[in-house]
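The values are calculated or read from the model by the stated rules, or taken from the named source; none is laboratory data. Keep in mind that this is a model prediction, so the values were computed, not measured. Cβ coordinates were reconstructed from backbone atoms using ideal geometry, including for glycine residues, and neighbour counts include every protein chain displayed. All accessible areas refer to the heavy atoms of the entire protein, side chains included, with ligands and DNA or RNA removed. Shrake-Rupley method; radii C 1.70, N 1.55, O 1.52, S 1.80 Å.
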Amino acid sequence: METASTSALYPTRVAHLHRSPIQHYAEHRSYSWYVDIDDLPQLPRWLRPFARFEGVDHLDGRPGDSLRQRVDTFLATHGVSLPGGRVTALLMPRVLGRTFTPLSLFWCHDAGGALRCVVAEVQNVRGERTAYLVPPGEDGPVPVVGTPRNSGLQDGYFLVRVPEPGEQLDLTVSQHRDSHAAMVAT
């Protein structure tokens, strides 16, 4: 299936409400790029230090693996294959040699264009990353079981609502423990 290149820049307002173990609220403005990982934007050489995408900044893989190779490897470990499929992503670029992406999302489509799954990768302030396979949800949140490494959360689950971006971008991730939302991020 031939599709047009997708690339958009979304200004964002990210809000975090932590309810447990300590109540805390934070909000900040940022931006994210919505891209086709097989057709990443290429800025002019003089602007590349200010925005570029590298495979090493996402998921696990071998040195030199492309972003697509890393996504395909992650999917294969979960029994998902996308021959001829398209993967779009919401990412923050590497800027001046540094990267911090609290949440990266990869929408994985089969060759016919149907959404098969979403890969949600979470990065903490120590740079530790954990990725989750999210089943496609209609418009509501879907449960994802698992806890980030070194999160201090002994058991629990996430409710994730990650519809593909359109004119608006509206995502929600909530972390639950003991039947209560310990953290909500929008």
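Determine the share of the chain's accessible area contributed by carbon and sulfur atoms, expressed in whole percent, with a 1.4 angstrom probe. Provide the component values of the computation, followed by the final result.
Working: 5750 of 10720 Å².
Of all accessible area on the chain, carbon and sulfur atoms account for 54 percent.
Tell me, what ³J(HN,Hα) does each residue in the stretch 107-119 have, in order and in whole Hz, if you take phi through Karplus 6.51 cos²θ - 1.76 cosθ + 1.60 with θ = phi - 60° and put x for Gly and Pro?
Along the stretch 107-119, the couplings run 8, 10, 10, 7, 4, x, x, 6, 5, 9, 5, 10, 9 Hz.
Helix 67-77 versus the longest principal axis of the chain: what is the Cα-based angle in degrees, 0 to 90, to the nearest 10?
Relative to the chain, helix 67-77 is tipped by roughly 50 degrees.
Could you work out the relative contact order of the stretch 20-157, using alpha carbon pairs under 8 angstrom and six or more residues apart, expressed as a whole percent? Could the numbers behind the result be given before it?
Details: 222 pairs, mean separation 23.6, N = 138.
It rounds to 17 percent for the stretch 20-157.
Quick one: what do you get for the chain if you divide its Cα Rg by 2.2 N^0.38 Å?
Expressed relative to 2.2 N^0.38 Å, the Cα Rg reads 1.02.
Once you list every other residue whose beta carbon is under 10 Å from the beta carbon of Gly61, what net charge do they have if Lys and Arg are +1 and Asp and Glu are -1?
Numbers: positive: Arg62, Arg70; negative: Asp60, Asp65, Asp72.
Around Gly61, the charge tally is -1.
With all protein chains present and a 1.4 Å probe, how do Phe158, Phe53 order by accessible area, largest first?
Reading off the accessible areas and sorting them downward yields Phe53, Phe158.
Near the amide H of Cys117, under 5 Å away, which other amide H atoms are found, from residues 5 or more places off or on another chain, if H is placed in the peptide plane?
Cys108
Please work out the average accessible area per residue across the chain, using the 1.4 Å probe convention, and give it in Å². Let's see the in-between values first.
Details: 10720 Å² over 186 residues.
Ligands and nucleic acids excluded, the result is 58 Å² per residue.
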